[in-house]
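Data block below; observations after.
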Amino acid sequence: MSKKIAVYPGSFDPITKGHLDIIKRASGIFDTVYVAILTNSAKTPMFSVDERKDFIKRSTEGIENVVVESFSGLLVDFAKKVNATVIVKGLRAMSDFEYEFQMALMNRKLDKSIETMFLTTSGKYSYLSSSIVKEVARHSASLDGLVPDCIINDIIKKANSKN
Ligand code: PNS
């Protein structure tokens with residue numbers, strides 16, 4: 001039987017516990033999950049692509065079927081390149097829905113062979129976002145429970161150097 005490969009795309013600036021929860025759950029469903037970091041986003045990131053990649057790799061250590069990559073251009077082209085047939089997205093609340101729905105429809109128009117699958121975020125992470133994490137870090141408040149423990153110090157160091 002052919003292997004089921006999924007892509008979980010995002011900016012991951014930085015990865016949060018909400019992202020990690022989706023990665024873990026997706027890794028239980030698919031044979032391989034590519035965590036794909038968008039490199040050419042219009043947003044100005046706090047962390048370089050290499051830093052974001054390193055954070056995700058350290059956070060997913062021990063999950064055998066997770067591969068961390070970066071991509072530019074269209075997501076469906078990256079998915080095709082790695083033979084993925086599913087795009088995994090996490091849905092937090094209704095506020096995410098409109099944009100995600102639009103992207104899912106556009107991606108389907110671009111490539112009918114790739115399906116978008118939404119996983120609902122665990123309730124305890126439903127308020128989390130990378131932006132909120134950065135805001136909290138800039139004000140030197142605790143990041144416990146917001147991002148994977150192994151990257152907390154790196155985030156605090158970077159946020160303080162930018163103050
Ligand atoms: O974490 P983010 O910033 O919400 O992730 C957004 C991302 C990377 C999933 C989205 O911007 C994306 O897929 N960009 C690639 C460009 C693309 O394929 N656009 C067409 C579909 S709308």
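Things to note:
- Failed item in (1) loosely packed, with under 15 Cβ neighbours inside 10 Å; (2) over 27 Å from Ile5 (Cα atoms); (3) in contact (Cβ under 8 Å) with a residue 40 or more places away in the chain, with Val133 passing the rest: (1)
- Every listed requirement among (1) outside any helix (DSSP H, G or I); (2) open to solvent by 100 Å² or more (accessible area, probe 1.4 Å); (3) within 24 Å of Leu146 (Cα to Cα); (4) among the basic types (Lys, Arg) is met by Lys124 save one, (1).
- Candidate set: region 10-58, residues that are small (Gly, Ala, Ser) and under 21 Å from Glu135 (Cβ atoms); chosen: the one farthest from the ligand (Cβ to nearest atom): Ser48
- Index of the failed condition, Thr120 passing every other in (1) more than 13 Å from Tyr8 (Cβ to Cβ); (2) within 13 Å of the ligand (Cβ to nearest atom): (2)
- Checked against (1) at pLDDT 95 or above; (2) within 11 Å of the ligand (Cβ to nearest atom); (3) open to solvent by 30 Å² or more (accessible area, probe 1.4 Å); (4) out of contact with any Ser or Thr (no Cβ under 6 Å at 6 or more places or on another chain), Ser70 meets all criteria but (4).
- Candidate set from region 51-65 (those that are at pLDDT 95 or above and in a loop (DSSP other than H, G, I, E, B)); member that is farthest from Tyr34 (Cα to Cα): Glu61
- If you go through region 8-19 and pick out every residue that is over 8 Å from the mean Cα position of the chain (by Cα) and open to solvent by 20 Å² or more (accessible area, probe 1.4 Å), you end up with 1.
- Pairs with Cβ under 7 Å, 6+ apart, first in region 76-95 and within 19 Å of Ile29 (Cβ to Cβ), second assigned to a helix (DSSP H, G or I) and hydrophobic (A, V, I, L, M, F, W, C): Ile87/Leu75; Ile87/Ala79; Val88/Ile22; Val88/Ala26; Gly90/Ile22; Leu91/Phe97
- Within the option set Ala84, Ala42, being on the phi < 0 side of the Ramachandran plot and either of a type outside the set (A, V, I, L, M, F, W, C) or at pLDDT 95 or above (or both) holds for one residue only, Ala84.
- Cβ-Cβ distances below 8 Å connect the following pairs, each with a first residue in region 20-41 that is open to solvent by 20 Å² or more (accessible area, probe 1.4 Å), a second residue that is at pLDDT 95 or above and of a type in the set (Asp, Glu), and a separation of six or more residues or different chains: Tyr34/Glu69.
- Qualifying residue in region 84-105 (condition: within 10 Å of the ligand (Cβ to nearest atom), among the polar types (S, T, N, Q) and open to solvent by less than 40 Å² (accessible area, probe 1.4 Å)): no
- Reported count of residues in region 73-83, each being near the ligand (Cβ under 10 Å from one of its atoms) and either loosely packed, with under 12 Cβ neighbours inside 10 Å or β-branched (Val, Ile, Thr) (or both), is 2.
- For region 1-50, filtering for residues that are of a type in the set (A, V, I, L, M) and in a loop (DSSP other than H, G, I, E, B) leaves 5.
The values are calculated or read from the model by the stated rules, or taken from the named source; none is laboratory data. Quick caveat, the model's predicted, so the values are computed rather than measured. Every residue, glycine among them, receives a Cβ derived from its backbone with ideal geometry; neighbour counts consider all protein chains shown. Only protein heavy atoms, including side chains, enter the accessible area calculation; ligands, DNA and RNA are left aside. Shrake-Rupley method; radii C 1.70, N 1.55, O 1.52, S 1.80 Å.
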